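Inspection log for the structure reproduced underneath, given as structure tokens.
The values are calculated or read from the model by the stated rules, or taken from the named source; none is laboratory data. None of the values given here were measured: they were computed from a predicted structure. Don't worry about glycine lacking a Cβ; one is built from the backbone with ideal geometry, like all the others, and counts go over all protein chains shown.
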Amino acid sequence: DQGATKVALDLRNNPGGFLSIAESIVDEFLEDDKLILFTKNKKGKIEKSYATKKGDFEEGHVFVLINENSASASEIVAGALQDNDKGTIVGRRSYGKGLVQREMALGDGSAVRLTVSRYYTPTGRSIQRSYENGNRDYYDEYFDRLDSGELLSPEKIKVNDSLKFKTPKGKTVYGGGGIIPDIFVPMDIGMENETIDHMLRRGVFSNFVFKELDQDRDYYEGVTPEDFIENFVVSDDIVVRFQEHLYRLLNRNITFVAYNEEVKLYIKATLGEQLYDRNVFEKIIGKRDEMIEEVIKLSKGE
């Protein structure tokens, strides 16, 4: 409604959801009767899904951000747009989950999910990774990617030439293990620090910031979100208090010499979220987000 000609879909770390929602999202970008995906069960029965209506963004350009944790419905969106030569896929190879599951209710109130078919992208790609070596190898593949260097270099991505496909405009795409992006962006080692990731998952930043604001919320009175994003600086004193908070929580001293700036960034982003909203958090993190920076460059034609 505001005249945007380019849009970005951030599907990083998105484990998926309902197939119907993924189809409706793709439908906004594709012209009528364009194939979105098809499913095939073990008996060979095929069901196809097509774009059905005038989408809100059929004329614009879309960038889709994916990484190694983008799975299932997220991959449906990325694969459908890539195979229809609609937009640009940016990031790293996605997870590789292409199974359709149906929930079956049991008599005791519990339920079991049964795999009933596989889904395929418009060119005929199955993006399901092999699980013939068992569950452990399947779920440990992230560490294989890390060890092989795939998360840092596109040359390390293993492709199977027998699973090579062509889009309508002649672009080569591969099946058999996730969606490979058109533009590769390596993992930012600093931003993916395991210690920071652990603290985020445990809610350490949120807990610390809650206590900080409880003691001194008046300090931020009258500060607009825009001013906070552009001008607020996390002081070394705040970092010291954060370290003291960690010591009380974990009963151990932790220093941040190697990634002090990342700690400050997440403290600021969490402050912004609790003072204003999640959008402020995303904007602050986005300032250090190499994938977002790459999309901005691409959108400007750089």
Write out, first by first residue and then by second, each pair whose Cβ atoms fall under 9 Å of each other, whose residues are 6+ apart or on separate chains, and whose first residue, in the stretch 159-174, is in contact (Cβ under 8 Å) with a residue 40 or more places away in the chain and within 16 Å of residue 87 (Cα to Cα) while the second is surrounded by 11 or more Cβ atoms within 10 Å (Cβ to Cβ) and basic (Lys, Arg). 173/125; 173/164; 173/166
Answer from 98, 91, 109 - the residue that is more than 21 Å from residue 20 (Cβ to Cβ), assigned by TED's automatic domain parsing to the domain that holds residue 16 and in contact with a Ser or Thr (Cβ under 9 Å, 6 or more places away or on another chain): 91
Residue in the stretch 134-148 that is assigned by TED's automatic domain parsing to the domain that holds residue 41 and on the phi > 0 side of the Ramachandran plot present: yes
Could you pull out the residue among 72, 49 that is of a type in the set (S, T, N, Q) and over 19 Å from the mean Cα position of the chain (by Cα)? 49
Restricted to the stretch 269-288, and to residues that are basic (Lys, Arg) and part of a helix (DSSP H, G or I), which residue is farthest from residue 214 (Cα to Cα)? 283
Would you confirm whether any residue within the stretch 185-198 is modelled with pLDDT of 90 or more and either part of a loop (DSSP other than H, G, I, E, B) or not assigned by TED's automatic domain parsing to the domain that holds residue 272 (or both)? yes
Report those strands (runs of 3 or more DSSP E) wholly inside the stretch 20-91 carrying at least 1 residues which are out of contact with any Lys or Arg (no Cβ under 6 Å at 6 or more places or on another chain) and at pLDDT below 95. 35-41
Restricting to the stretch 1-19, and then to whatever is assigned to a loop (DSSP other than H, G, I, E, B) and surrounded by 15 or more Cβ atoms within 10 Å (Cβ to Cβ), can you tell me which residue is modelled with the highest pLDDT? 11
